[in-house]
1. Based on what the data block shows, is GLU151 of a type in the set (Asp, Glu), open to solvent by 60 Å² or more (accessible area, probe 1.4 Å) and modelled with pLDDT under 90?
2. Considering only region 288-298, I want to know if a residue exists there that is without any contact (Cβ under 8 Å) to a residue 40 or more places away in the chain, of a type in the set (S, T, N, Q) and touching a helix residue (DSSP H, G or I) at 6+ places or on another chain (Cβ under 8 Å).
3. Identify the residue in region 254-270 that is under 28 Å from the mean Cα position of the chain (by Cα) and aliphatic (A, V, I, L, M) and, among all such residues, is surrounded by the most Cβ atoms within 10 Å (Cβ to Cβ).
4. Could you count how many residues in region 249-264 are of a type in the set (Ser, Thr, Tyr) and within 13 Å of PHE236 (Cβ to Cβ)?
5. If ASP139 satisfies every condition in (1) part of a loop (DSSP other than H, G, I, E, B); (2) of a type outside the set (Gly, Ala, Ser); (3) open to solvent by less than 70 Å² (accessible area, probe 1.4 Å) but one, which is the exception?
6. How many of the residues making up region 494-512 are touching a residue at least 24 places away in the same chain (Cβ under 8 Å) and closer than 9 Å to GLY478 by Cα?
7. Restricting to region 473-498, name every residue that is open to solvent by 60 Å² or more (accessible area, probe 1.4 Å) and farther than 17 Å from GLU526 by Cβ.
8. Is it true that some residue in region 271-282 is touching a Gly at 6+ places or on another chain (Cβ under 7 Å) and open to solvent by 30 Å² or more (accessible area, probe 1.4 Å)?
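The values are calculated or read from the model by the stated rules, or taken from the named source; none is laboratory data. Values in this document were obtained by computation on a predicted structure and should not be read as measured data. Every residue, glycine among them, receives a Cβ derived from its backbone with ideal geometry; neighbour counts consider all protein chains shown. Side chains are part of the model used for accessible areas, which takes the heavy atoms of the whole protein and leaves out ligands, DNA and RNA. Shrake-Rupley method; radii C 1.70, N 1.55, O 1.52, S 1.80 Å.
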Amino acid sequence: YIYQLAEGYLFGDHPTGKNITAAIEKFQKAADLGHPDAQHMIALFYDLGYHGTPKDSAKALLYHTFAAEGQNPESQLVLANLFLNGIGVKAGCHKAAFFLNKVADRVVDELESNNVLIGDRMIRLNEDLDHIKKQEEEDLDIMDFYHYSAENGDVRAQSTLGSLYLKGGHGLPPNPALAKAFLEMAVDSGDVNAYGSLGQMFLQGKGVKANNETAYSYFQKGAKKGHGSSLNGLGFMHLHGYGVDKNVTLALEYFRKGAERGNTEAQYNLGLLYMDSEKQGAVKQDFAKALRYFSLATQAGHTLSTFHLAQMHLNGLGTSANCPLAMNYLKQVVEKGPWVSVMSVALDKYRSEEFESSLLLYLDAAQQGFEVATFNAAYLLHQTEPAKIDFSQLIGESNSKSEFDESVFSGMKNVTEQQALALALFERSAKSGNTEAYIYIGDMHYYGQSVPQDFERAAECYRLAAEARHPQALYNIGFMHQHGLGLAKDFHMAKRNFDLVGSHHRGSIAVAYTALALLFAQWGFEIAMNSPIADHADSILIGGLVFMLVSVLAVLVMRRNRRRQG
């Protein structure tokens with residue numbers, strides 16, 4: 001109760017409104033009583049120096065350790081991130097993997113218990129949020145249309161709704177009763193896909209009374225038509241002897257047939273057999289084959305396969321040990337857990353202009369190693385007016401090394417702490433592989449936004465983003481070559497980058513054509529002005545004529561290219 005009371009005070013959900021002082025007091029009281037979630041919050045406050053809490057990285061680490069021992073997944077993720085990046089502790093990939101595995105184990109336990117984990121879409125704040133919200137509303141309209149179509153005999157709609165209600169998605173929560181109803185409609189209409197789903201429901205007793213005989217019957221009907229899910233179902237029943245004689249050899253054959261048809265569950269089950277075959281006794285252990293099948297299923301987003309693939313890379317089974325790669329796979333697994341819902345809460349706070357609460361949640365998630373949260377915290381700090389965030393209360397001062405002490409940049413003049421932290425977080429997001437962050441870092445240096453203007457540094461950032469064919473970066477590199485800003489003035493290189501904008505991003509063709517037209521015009525003008533006749537008094541007129549002629553020629557060429565592309 002104390003913890004819920006503290007949350008109400010922190011985010012303003014308490015009847016008396018927001019009261020940060022009372023919130024910190026209640027969190028501390030709950031933490032002292034051993035509440036792991038409260039210990040996590042106190043650790044965050046010490047790390048930030050939040051609203052008068054002394055900024056103390058040692059105490060933050062201590063409370064995260066207490067919370068992690070109490071099985072708080074957020075603090076386990078924080079410790080994994082700290083050890084992975086060597087923030088306040090000695091860097092160690094295997095130590096980081098130890099904590100990340102604890103969180104991943106919880107995801108695996110849920111999935112192996114046949115519970116549905118959808119995860120949470122991580123939306124970046126620089127996306128068109130209004131468009132995303134409109135898409136979400138349109139999804140609901142589409143689902144209404146599917147309901148109408150299904151009830152009027154559309155087999156595709158029946159099958160789609162059955163699958164969605166079985167696992168949840170597109171705004172529909174899991175609903176086994178409705179899943180069964182729509183899947184039975186689809187079966188009656190001759191849909192092959194529905195056999196496997198209905199078989200799984202009766203095998204697992206999901207929304208229906210478990211019945212091995214009924215499950216086997218559905219699987220057999222689907223298998224006769226070569227459906228991968230049904231073939232996997234038969235393999236699973238023969239592997240464990242559910243309602244049939246246990247037969248590992250036959251199970252292996254069914255799994256192979258299902259895997260050949262692209263069924264990820266069959267690929268996963270084959271991986272398990274080859275990895276741990278000693279328990280089954282009929283299959284020779286083969287880590288290389290296990291790795292292959294787990295990799296195939298992982299490519300299609302199969303979470304349990306991703307977990308086992310991580311363990312194989314971590315321990316060098318069937319491949320050379322590679323802890324960083326294993327960590328990347330483990331991160332994919334933990335992102336399916338319910339703790340990522342903090343991203344949705346933070347987004348809601350941002351949309352309702354509760355910027356400080358949104359930033360606190362994003363900074364918390366950033367500590368846990370979620371790159372999108374890191375980017376969003378940076379974006380929020382960079383774009384939000386200082387008057388809307390009491391930064392001095394959010395981030396305190398400290399002489400000790402902390403997760404957020406990158407906000408102090410020695411040697412920089414006129415740098416606000418808010419923008420300095422934004423830059424540090426953009427840097428961290430970029431290092432995690434987000435090319436979009438390089439655009440913001442480049443812009444801050446190009447325009448001198450709270451940092452000294454530095455065209456060369458801006459060009460380097462744009463170049464890094466351009467390697468991933470980012471259209472804005474390609475345009476910026478072209479522009480800087482055109483005008484000799486931070487890069488050698490080179491019309492050929494400018495043209496090359498503008499061409500890439502149009503050829504790789506059809507939505508940016510108009511921008512590319514305009515840039516090329518202006519480039520050709522400037523190019524022709526400078527040729528004319530540097531020619532021998534430019535010494536005459538009418539050189540400006542000649543240059544102007546060349547400018548117009550080249551512009552017309554450029555437009556004609558681009559129109560011809562557009563017709564060819566069409």
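1. The answer is yes for GLU151.
2. Here is the first cut: in region 288-298, the ones without any contact (Cβ under 8 Å) to a residue 40 or more places away in the chain are 288-298.
In the following step, the residues that additionally are of a type in the set (S, T, N, Q) were identified as 295, 298.
Cutting the leftovers down to touching a helix residue (DSSP H, G or I) at 6+ places or on another chain (Cβ under 8 Å) gives us 295, 298.
Yes, because at least one residue in region 288-298 is without any contact (Cβ under 8 Å) to a residue 40 or more places away in the chain, of a type in the set (S, T, N, Q) and touching a helix residue (DSSP H, G or I) at 6+ places or on another chain (Cβ under 8 Å).
3. For region 254-270, the residue satisfying everything is ALA266.
4. Looking only at that region, the number is 1.
5. Evaluating ASP139 over (1) part of a loop (DSSP other than H, G, I, E, B); (2) of a type outside the set (Gly, Ala, Ser); (3) open to solvent by less than 70 Å² (accessible area, probe 1.4 Å) leaves (1) as the failure.
6. 4
7. Result: TYR475, ARG496.
8. Checking region 271-282: not a single residue is touching a Gly at 6+ places or on another chain (Cβ under 7 Å) and open to solvent by 30 Å² or more (accessible area, probe 1.4 Å).
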